[in-house]
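Written out below as structure tokens is the structure these notes cover.
Just so it is clear, none of the values below were taken in a lab; they were calculated from the coordinates. Computed from a predicted model, the values in this text were never measured in an experiment. Positions of Cβ are generated from backbone atoms using ideal geometry, with glycine treated the same way; all protein chains shown enter the neighbour counts.
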Amino acid sequence: MLPINIRPDKLSAEMLDFSQKLSKGMENLLNAKPIDTGVSPKEAVYKEDKLVLYRYHALPDVPKKQIPLLIVYALVNRPYMTDLQEDRSTVKGLLATGQDVYLIDWGYPDQADHSITLDDYINGYIDRCVDYICHTHNLPSLNILGICQGGTLSLCYTALHGSKVKNLVTMVTPVDFKTPQDMLSAWVQHMDVNMCVDTMGNVPGELLNWTFLSLKPFSLTGQKYINMVDLLDDESKVQNFLRMEKWIFDSPDQAGETFRQFIQDFYQNNKLILGTLTIGEHEIALKNITCPVLNIYALQDHLVPPVASQALKNKTSSADYTELAFPGGHIGIYVSRKAQKDVTPAIGKWLNVRS
């Protein structure tokens, strides 16, 4: 065993550097600007209950493509992750490729919404947003980008309303909910979801958020705050860190009945991949999806393992199926510099060729 070589002068210098960073960091934290929830200009064009449909403003000198793009985000997080900061915005990257971008903001369900079902979300809210956009543009169909759980909802929607979807993009989307690498799935297999929903009504977003953080407890709840000291003396980095923290802990409650069905039918019984899923009175068959499909997954994703997304291959009837692997994680696919350079332009190019 090698002896530990701790030099007093080196230790003293490190402690001084640490102290100076903390001092400057406290000043930057106290002077931090209010944290925004999305940076790209947009306007609300349709509202229903808690839902707001936004349309983003086009970038100067970038003509809009004819076919609009609707982003369907997950229910369990806030959609401004797609537009988190100026230089790391999926929305801005899509606008730069000429996409006419719409986005569904699900809002914050309360106890009045506990009985909302997946049928309400898919054949109700999503379908009416699609109808609004198609009517506005006088078009029979549009493009959809479904993200994470929103991608799963988009698959179900496209299987039922294929004539309204010209092209479908799924990003870090679970399709097979019982892959060996899926730790979250392993945790919920024996969950008594009926007792959970019957007791609480809606499922608190904070409960789900801490469940997600517990998947990587050291790196997500401890190490990142230790590493934070190294950026505290940089005002812009502090602002970006706080922006991410705001998003992480800004977790909506989940409508009880939707949560019940999603856990039981998707995670516990894996009905989507098995072809036994029913939404309302409608059977969901992935084979009914015939439009072009771009399926994007992250190779280091701890929430949706790559194999869970790759399971979509050969399950649809699309003659134009493409996969794109991103060398990063579940969050990095939206906000990393590499994603802004590679993933978002690839989506725009893929859509433009087919639109």
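Using the Cα centre of the chain as origin and beta-carbon charges of +1 (Lys, Arg) and -1 (Asp, Glu), tell me which of Val52, Gly275, Asn167 is placed farthest towards the positive end of the dipole.
Farthest towards the positive pole: Asn167.
Order of 229-236, 259-266, 243-250 by packing, highest average Cβ count within 10 Å first?
259-266, 243-250, 229-236
For the chain, with only Lys/Arg (+1) and Asp/Glu (-1) charged at the beta-carbon, what is the dipole magnitude about the Cα centre, in debye rounded to 20?
Value, rounded to 20: 1080 debye.
Nearest 5 percent is fine: what portion of the DSSP beta bridges confined to the chain is antiparallel?
Given both bridge residues lie in the chain, the antiparallel proportion sits at roughly 40 percent.
What's the magnitude of the charge dipole for the stretch 55-101 around its Cα centre, counting Lys and Arg as +1 and Asp and Glu as -1 at the beta-carbon? Answer in Debye, nearest 20. Present the calculation step by step, with values, prior to reporting the outcome.
On the way: 6 positive and 5 negative charges, 31 e Å.
Once rounded to the nearest 20, the dipole reads 140 debye.
With the cut-off at 1.5 for a/c, could you classify the stretch 201-259 from its C-alpha gyration tensor as rounded, prolate or oblate?
Values: a/c = 5.31, a/b = 2.06, b/c = 2.58.
Because a/c hits 1.5 or more and a/b fails to exceed b/c, the stretch 201-259 counts as oblate.
Strictly over 18 Å apart at the Cα level, which of Lys315/Lys341; Lys178/Lys271; Lys92/Lys164 would you flag in this model?
Lys315/Lys341; Lys92/Lys164
What relative contact order, as a whole-number percentage, does the chain give when Cα pairs under 8 Å and 6 or more residues apart are counted?
Result for the chain is 23 percent.
For a paramagnetic label modelled at 7 Å from the Cα of Thr211 toward its Cβ, which residues of the stretch 45-82 fall within the zone defined by backbone nitrogen distances under 14 Å?
Under 14 Å, as judged by backbone N against the label point of Thr211, lie 75-77 of the stretch 45-82.
Once a ≥ b ≥ c are taken as the square roots of the eigenvalues of the Cα gyration tensor of the stretch 211-355, is the result rounded (a/c under 1.5), prolate (a/b larger than b/c) or oblate (a/b not larger than b/c)?
It is oblate, given that a/c is not under 1.5 and a/b is not larger than b/c.
Considering the chain as a Gaussian network with a 10 Å cut-off on Cα pairs, which listed residue, Met195, Met183, Met81, attains the greatest mean-square fluctuation?
Met195
Please say if the stretch 263-315 is rounded, prolate or oblate, where rounded means a/c under 1.5 for a ≥ b ≥ c the square roots of the C-alpha gyration tensor eigenvalues, and otherwise the choice is prolate for a/b larger than b/c and oblate otherwise?
oblate
Can you tell me the 0 to 90 degree angle between the C-alpha axis of helix 8-30 and the longest principal axis of the chain, rounded to 10?
50 degrees
Nearest 5 percent is fine: what portion of the DSSP beta bridges confined to the stretch 70-185 is antiparallel?
Close to 15 percent.
What FRET efficiency, computed as 1/(1 + (r/R0)^6) with R0 = 35 Å and r the Cβ-Cβ distance, is obtained for Thr278 and Glu323, rounded to the nearest 0.05?
That gives a FRET efficiency of 0.80.
Along the principal axes of its C-alpha atoms, what lengths does the stretch 298-355 span, in descending order and rounded to whole Å?
Largest to smallest, the principal-axis extents are 31, 26, 11 Å.
Given +1 on the Cβ of Lys and Arg, -1 on the Cβ of Asp and Glu, and no further charges, what dipole in debye does the stretch 193-279 carry about its Cα centre, rounded to the nearest 20?
300 debye
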